[in-house]
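S.K.: I am attaching a structure below and will ask some questions about it afterwards.
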Amino acid sequence: MNFALGDRLRIDGNDYEVIGIISYRNRMDNCMWMEYRVFSKALGREKWLSYDEEYKEYSLSVVTPGTTSTDGYKEVDRGVEEVIGAWGNVDVEIGDTANFIEYEDVTEEKIISHEIWDDGLEVSTGYYLDEHEVVRLSGGQGMASGGYNTYNNNTTYGAYQSNDFVSGGTMQTGSSGDSGKKIATVFVVLLPILVVFSMFKGMIGGIGTPSISKYLDKTATYIYQTSITGNEGEKADVYMTYQDVDAATKDIIDAINGKTEDVQQNTEDGDNSVAILTKKEYCLIYTSEDGETLVQVSTRKYAYYNDDDPYRSRTGTRRYYRRYYYSRGYSSDYSSWGSTNSPYDSYSGDTLSSNPYDAYSSYAGSVRQSSTTSRSSSGGGTSYGK
């Protein structure tokens, strides 16, 4: 069920008002969900309500200061949540991202959520509710969920009258009647235009290969660590992420619409590094000597002229970094820059055979095939708004 700003709800026997709404998408599987910031005057506190369409249940949670032990809990979900809509009293903006991990206790009733934002860790605790435990008492006059996005309750893109929900937004008119109907009519006329524009924008976005470096730089889940300056004025940038290698690799592949020239994971030396080549970039996702997940990205020109060790890398990672580039990128890049003092001109290490069963190569292929259309949401997700 969708709610709007100002809706009054009875949740688990207590009355609340919806004061904020966030729409999320999990970049790992494209699932989407809504979270509602609700406030109870009687209790004098706010909570977050989330709805899982797949399991037909709600969850109610509260942000918990400090840390909360997950002993006796098991991990049930993780991913990278992206804000795709925000209304009312919330402190996020469209495009904000966070890593999240969800835990359940043995009864599968209590939950703990960890969200890692760019300004730190946020922990929420809560529990599940059945559908009948959340009842909409009356409608508000605020921005409806599921529509176009705003951060000002007076910004409007549709009509909301009485208790009727209009997908696509609400209008705070302060009155009902013909004015609301006219606004609704305008919205119906504009909707096909907006849809066509969205499709066209998606087509434009599909031209060429998106930049990994730009994606890492603007995404909060990747924290800049350092830059390595090399020959020919080229440099490599290094980022840290709280994701594991698998999650980070899939997230990056998703971000570039699966448009890799080559991708493969190391299966030797006890190393799980993943190397990605695009037309212009060389990216390595790996576990550092300190156990952190790091991502190093550079131009292919940097890789051609420099074979320095990846930042704080282990022996197996360093070996794979050179072996992979020499085997997959050097020959084609030679035609661009020729034999002009590349350290790979005299490379004498092992070469890398192609792995037809590589999981990330298959994953990139599936993302490429689906990049022109959006995968339908299965709903779900119990992550909680910031």
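S.K.: Just to be sure, is residue 308 under 22 Å from residue 225 (Cα atoms), assigned to a loop (DSSP other than H, G, I, E, B) and in contact (Cβ under 8 Å) with a residue 60 or more places away in the chain?
M.R.: When the stated conditions are applied, residue 308 passes them.
S.K.: Taking residue 368 as the residue in question, decide whether it is closer than 23 Å to residue 244 by Cβ and in a helix (DSSP H, G or I).
M.R.: Numbers: closer than 23 Å to residue 244 by Cβ: no; in a helix (DSSP H, G or I): yes.
When the stated conditions are applied, residue 368 does not pass them.
S.K.: Cβ-Cβ under 7 Å, sequence separation 6+ or interchain: first residue in the range 54-82 and outside any strand (DSSP E or B), partner of a type in the set (A, V, I, L, M, F, W, C). Which pairs?
M.R.: 67/123; 68/112; 68/123; 70/112; 72/106
S.K.: Taking into account only those residues within the range 74-133 that are among the polar types (S, T, N, Q) and closer than 17 Å to residue 35 by Cα, which is modelled with the lowest pLDDT?
M.R.: Among those residues, the one meeting the criterion is 89.
S.K.: In the range 1-35, which residue that is small (Gly, Ala, Ser) and in contact with a Ser or Thr (Cβ under 8 Å, 6 or more places away or on another chain) is surrounded by the most Cβ atoms within 10 Å (Cβ to Cβ)? Outline the logic, then answer.
M.R.: Residues of the range 1-35 that are small (Gly, Ala, Ser), as a first pass: 4, 6, 13, 20, 23.
Okay, now just the ones that are also in contact with a Ser or Thr (Cβ under 8 Å, 6 or more places away or on another chain), so 4, 23.
On the way: 4: 27, 23: 20.
So, considering only residues that are small (Gly, Ala, Ser) and in contact with a Ser or Thr (Cβ under 8 Å, 6 or more places away or on another chain), the one surrounded by the most Cβ atoms within 10 Å (Cβ to Cβ) is 4.
S.K.: Which residue pairs have Cβ atoms closer than 7 Å, lie 6 or more positions apart in sequence or on different chains, and pair a first residue in the range 322-342 that is within 19 Å of residue 264 (Cα to Cα) and assigned by TED's automatic domain parsing to the domain that holds residue 353 with a second residue that is in a helix (DSSP H, G or I) and hydrophobic (A, V, I, L, M, F, W, C)?
M.R.: Partner pairs satisfying both residue conditions: 325/303; 329/303.
S.K.: What do you reckon, is residue 47 of a type in the set (D, E, K, R), more than 30 Å from residue 246 (Cα to Cα) and part of a strand (DSSP E or B)?
M.R.: Yes.
S.K.: Still on this model: Condition test on residue 248, is it assigned by TED's automatic domain parsing to the domain that holds residue 304, surrounded by 13 or more Cβ atoms within 10 Å (Cβ to Cβ), modelled with pLDDT of 90 or more and within 23 Å of residue 25 (Cβ to Cβ)?
M.R.: yes
S.K.: Also, quick follow-up: Restricting to the range 202-228, count the residues that are assigned to a loop (DSSP other than H, G, I, E, B), over 22 Å from residue 79 (Cβ atoms) and at pLDDT 85 or above.
M.R.: The total comes to 1.
S.K.: Take the conditions in the same structural domain as residue 308 (by TED's automatic domain parsing), assigned to a loop (DSSP other than H, G, I, E, B) and over 15 Å from the mean Cα position of the chain (by Cα) and apply them to residue 260. Does it pass? Don't jump to the end; show me each part of the working.
M.R.: Numbers: in the same structural domain as residue 308 (by TED's automatic domain parsing): yes; assigned to a loop (DSSP other than H, G, I, E, B): yes; over 15 Å from the mean Cα position of the chain (by Cα): yes.
Judged against the criteria, residue 260 is a match.
S.K.: Restrict the check to the range 308-317 and report whether at least one residue is on the phi > 0 side of the Ramachandran plot and in contact with an Asp or Glu (Cβ under 8 Å, 6 or more places away or on another chain).
M.R.: Yes, the range 308-317 contains at least one residue that is on the phi > 0 side of the Ramachandran plot and in contact with an Asp or Glu (Cβ under 8 Å, 6 or more places away or on another chain).
The values are calculated or read from the model by the stated rules, or taken from the named source; none is laboratory data. Source: prediction; values computed, not measured. Neighbour counts run over all protein chains shown; Cβ positions are idealised from the backbone, glycine included.
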